[in-house]
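To start, the structure itself, in structure tokens.
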Amino acid sequence: MQVASSKISFLRPTASQPELPLFIFLPAMDGTGKLLRSQLSRLSTAFDIRCLSIPQNDLSSWDCLSERTINLISLEQEAVPKRPIYLCGESFGGCLALKISLNAPELLDKLILVNSATSFSQQPLVKYGSYLTQYLPTSLYQLSVTGTLPFLAALGRMQRDERLALLKAMQSVSQQTAIWRFELMRSFQVNKNQLKSLKKPVLVIASAADRIFPSLSQAKFLVKYLPEAQMVILPNSGHACLLEADVDLNKIIRGQWGNKLMVAETHRASATLNI
């Protein structure tokens, strides 16, 4: 895994495979880009992987984050033209993924949303509870981070290393950064007409046992208005489902979009390299 730079960047957690479709992961509120770890070995059999890393001191707006990420994707596209691009956003990253998809739909072939935080502003308990972060003394803020772990994840479904990685990522988020990213999620808005305008295949993954957001009902809302969306429900999973031992994102993608389609896209990417 590459070390994150002082500006927004793509990490390359696996060896470069330009002949494969590009998979771009937009992380949850931690912004580290390192919590796709338990999915990497399986995803890397089908994709060339990039993980967005957002520095802790980055207090950019949605528009700025979207523009900078679009620039990074454009550079990847220029390096290997015409290969398929899968954009995957988890939680906070799901909001950013939708922003990018609406602003530059031509850059991606498929969109994957995992327990997206798009309903944050509609949940009074979560919305108004997030304001408390700015009033906590530093010591209490650090304790609160640890205290939210059982709500953020189904810990019994995760290996010890993954639980520790999640806790480390959460603790890496400074109080100032948390306050700002909560503000971003509170301000996030997308309307039905915007969703209807996105004519791309979308896979919406929802954890039925999410204790942070009503991910299942939000997924149903998104699927209702996104023209080419389909939904996968993880019946026993928590919010941070991609760290759970039994969740195989590569298998889910193949199950919905099919092996034949992905093989065809790999051949398409290979042909591009041979031009």
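When the stretch 82-97 is examined, which residues are found to be touching a helix residue (DSSP H, G or I) at 6+ places or on another chain (Cβ under 8 Å) and modelled with pLDDT of 95 or more?
Within the stretch 82-97, Arg83, Pro84, Ile85, Tyr86, Leu87, Cys88, Gly89, Glu90, Phe92, Cys95, Leu96 meet the criteria.
Which numbered condition trips up Ser66, out of (1) of a type outside the set (A, V, I, L, M, F, W, C); (2) touching a Gly at 6+ places or on another chain (Cβ under 9 Å); (3) part of a helix (DSSP H, G or I)?
(2)
Scan the stretch 218-246 for residues that are of a type in the set (Ser, Thr, Tyr) and without any contact (Cβ under 8 Å) to a residue 40 or more places away in the chain and jot them down.
At the first step, the residues of the stretch 218-246 found to be of a type in the set (Ser, Thr, Tyr) are 225, 237.
Within the stretch 218-246, Tyr225 is the sole residue that qualifies.
Out of Asp48, Asp63, Asp58, report the one residue that is surrounded by 21 or more Cβ atoms within 10 Å (Cβ to Cβ) and of a type in the set (Asp, Glu). Spell out the reasoning first.
On the way: Asp63 fails: surrounded by 21 or more Cβ atoms within 10 Å (Cβ to Cβ); Asp58 fails: surrounded by 21 or more Cβ atoms within 10 Å (Cβ to Cβ).
It is Asp48.
Only one of (1) in a helix (DSSP H, G or I); (2) in contact with a Cys (Cβ under 9 Å, 6 or more places away or on another chain) fails for Gly33. Which number is that?
Evaluating Gly33 over (1) in a helix (DSSP H, G or I); (2) in contact with a Cys (Cβ under 9 Å, 6 or more places away or on another chain) leaves (1) as the failure.
Against the condition charged (D, E, K, R), touching a Gly at 6+ places or on another chain (Cβ under 8 Å) and not in a strand (DSSP E or B), how does Asp58 come out, does it pass?
yes
Taking the stretch 165-219 as the search range and keeping residues that are touching a strand residue (DSSP E or B) at 6+ places or on another chain (Cβ under 6 Å) and either more than 20 Å from Ala104 (Cα to Cα) or modelled with pLDDT under 90 (or both), which one is surrounded by the fewest Cβ atoms within 10 Å (Cβ to Cβ)?
Top of the filtered list is Ala208.
Does Gln56 fit the bill of being of a type outside the set (Val, Ile, Thr), modelled with pLDDT under 95 and on the phi < 0 side of the Ramachandran plot?
yes
The values are calculated or read from the model by the stated rules, or taken from the named source; none is laboratory data. Everything quoted here is computed from the prediction, not taken from an experiment. Ideal geometry is used to build each Cβ from the backbone, glycine not excepted, and the neighbour counts take in all protein chains shown.
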